[in-house]
Number of protein chains: 2
Amino acid sequence: MNIISIGLVDDNPVLLNNISENLSVFEELHIDFKAINGRDALDKLMVYQPDVILMDIEMPVMDGIEATREIKHKNPLQKIIMLTVLDRDDKIFEAIKAGASGYLLKDEKPSKILKSIEELMDGGAPMSPIIAAKMLDILRKQDAIKETEAQYLSPQSFNLSKREIEILEKIASGLSYTQIADRLFISARTTRKHTENIYRKLHVHSKLEAIQMAQKNKWI
Amino acid sequence: MNIISIGLVDDNPVLLNNISENLSVFEELHIDFKAINGRDALDKLMVYQPDVILMDIEMPVMDGIEATREIKHKNPLQKIIMLTVLDRDDKIFEAIKAGASGYLLKDEKPSKILKSIEELMDGGAPMSPIIAAKMLDILRKQDAIKETEAQYLSPQSFNLSKREIEILEKIASGLSYTQIADRLFISARTTRKHTENIYRKLHVHSKLEAIQMAQKNKWI
DNA sequence: CGTTCAATAAGGCAATTGCCCTATTTTTAA
DNA sequence: TTAAAAATAGGGCAATTGCCTTATTGAACG
């Protein structure tokens, strides 16, 4: 097996050395560099090209999410695992959006981290189960939002005639009665009459309300 | 440690027995029941209340996703791990929506499955890294869709002042100048003046157009 | 074969709106 | 601290709108 090169990024010197020592016992791994914040990591990447970067999230100067975004922007293929104590939903989501390929909690055992790195090299997305659970929540929530948005009524349910729907569309596009009349080859008077009927059926009292009703129900 | 009770659901008798035998060597686990499809699983659940259900996806009569939906509907706390050879994106998403708590590939080692079950009992969402990677893709894609939908301009980009934005909101809610004036404790004249300024900045010429501009850019 | 309803057309009138103008005070920014 | 911008207020007027009224024609439906 080829040796996998690693970049470590953490602002806490103690933790940084801890991780470094824990991982260096594995002969499958080689620590390319250690960086103390996102900015530093970007600098180190000018020199080193590690296979995988283990990145802390909360750091001064440039945090792990910002750094991930930058690195991914420059090299979309760079593999990055977020390695952090944080399990805040928004941070997880931010990290994913930024392009993190995995998300591990810092209290994972070194052997688990090694395994995760190997899984990552195989195209997987290693993830602590707690993180995965939060990700599922995020996915389901996003889906739920989409579902609730779609509860529409049809124009027919208000007994709008074809002509009235037609007129309502013109109204919604911002035309005046005169303009609508010109387009439909009828008199402005008739257009206004139709509008009155529309108002009665929709229980509204102005063009604005009619349009809002139409938009709410996605008629337009 | 307490013994964790398991329900197995798979239409392939050979695989069903395989999994059963593989898992029964662990004294931490106890196989409560084996079912050969979703319908059968629902029946078995009338009698047994396993801590965790390992569920295949593709099955005749009632597939794993449909069964998961049903089971979750009856008992939202039931833990279900999808255990399948499938790694099709849509199926993964469907399973998640249906309420699966974890998603493992069938070629995982029995020890890994045991570990996953324990992680699930701890509130995590065990997931094969390949599945997790696809989930990340789904999440990013959904977010990307939202982003592309959201190519909006801010009210500030039109140099709308705070007051003007406030007025625009009232206009959008269908209020007349008099009504807006009453709510903001200013004169109707001032309200109309603000509106004129808004029109000039937005390059529109009516309440309707202003509202459409506001809606297009999701200010309201 | 009527009856109902959609579509058409029109008169009238009060209220609202859009747009032109000026002007003072307050807030913000340079 | 000075200049610019925002917020306030108002006059005037033509166009538009909302709502009341009546009326004719053709299509649909039992």
> If you scan the stretch B:124-137, which residues turn out to be touching a residue at least 40 places away in the same chain (Cβ under 8 Å), among the hydrophobic types (A, V, I, L, M, F, W, C) and at the interface with chain A (Cβ under 7 Å from one of its Cβ atoms)?
Replying inline: B:130, B:135
> Would you pick out the residues in the stretch B:193-205 that are more than 14 Å from chain A (Cβ to nearest Cβ) and in contact with a Phe, Trp or Tyr (Cβ under 9 Å, 6 or more places away or on another chain)?
Replying inline: B:198, B:201
> Do we have residue B:31 as buried (at least 19 other Cβ atoms within 10 Å of the Cβ), assigned by TED's automatic domain parsing to the domain that holds residue B:111, of a type outside the set (Asp, Glu) and part of a strand (DSSP E or B) here?
Replying inline: no
> Scanning for something buried (at least 18 other Cβ atoms within 10 Å of the Cβ), facing another protein chain (nearest Cβ under 9 Å) and within 16 Å of DNA strand C (Cβ to nearest atom), does the stretch A:150-173 turn up at least one residue?
Replying inline: yes
> So which pairs qualify, if the first residue must be in the stretch A:78-106 and on the phi > 0 side of the Ramachandran plot, the second must be assigned to a helix (DSSP H, G or I), the Cβ gap must be under 6 Å, and the two must be at least 6 apart or on different chains?
Replying inline: A:99/A:68; A:99/A:72
>> Can you pull out every residue in the stretch A:103-123 that is among the small types (Gly, Ala, Ser) and within 8 Å of another protein chain (Cβ to nearest Cβ)?
In response: A:116, A:123
> Taking into account only those residues within the stretch B:194-220 that are near DNA strand C (Cβ under 7 Å from one of its atoms) and closer than 15 Å to residue B:176 by Cβ, which is surrounded by the most Cβ atoms within 10 Å (Cβ to Cβ)?
Replying inline: B:207
> Somewhere in the stretch B:175-192, is a residue of a type in the set (A, V, I, L, M, F, W, C), away from chain A (no Cβ under 14 Å) and part of a loop (DSSP other than H, G, I, E, B)?
Replying inline: yes
> If we keep just the residues of the stretch B:206-220 that are in contact with a helix residue (DSSP H, G or I) (Cβ under 6 Å, 6 or more places away or on another chain) and either in a loop (DSSP other than H, G, I, E, B) or more than 14 Å from chain A (Cβ to nearest Cβ) (or both), which is farthest from DNA strand D (Cβ to nearest atom)?
Replying inline: B:220
> What are the residues in the stretch B:159-178 that are more than 8 Å from DNA strand D (Cβ to nearest atom), of a type outside the set (A, V, I, L, M) and at pLDDT 85 or above, if any?
Replying inline: B:169, B:170, B:176, B:177, B:178
> Taking into account only those residues within the stretch A:183-197 that are more than 18 Å from residue A:208 (Cβ to Cβ) and touching a Leu at 6+ places or on another chain (Cβ under 9 Å), which is nearest to DNA strand D (Cβ to nearest atom)?
Replying inline: A:190
> If you go through the stretch A:1-39, how many residues are touching a residue at least 24 places away in the same chain (Cβ under 8 Å) and among the polar types (S, T, N, Q)?
Replying inline: 4
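Results for (1) within 28 Å of the chain's Cα centre (by Cα); (2) acidic (Asp, Glu); (3) outside any helix (DSSP H, G or I), shown as yes or no for each residue.
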| residue | (1), (2), (3) |
| --- | --- |
| B:2 | no, no, yes |
| B:26 | no, no, yes |
| B:40 | yes, yes, no |
| B:82 | yes, no, yes |
| B:100 | yes, no, yes |
| B:103 | yes, no, yes |
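The values are calculated or read from the model by the stated rules, or taken from the named source; none is laboratory data. Everything numeric here is computed off the predicted structure, so don't read it as measured data. Positions of Cβ are generated from backbone atoms using ideal geometry, with glycine treated the same way; all protein chains shown enter the neighbour counts.
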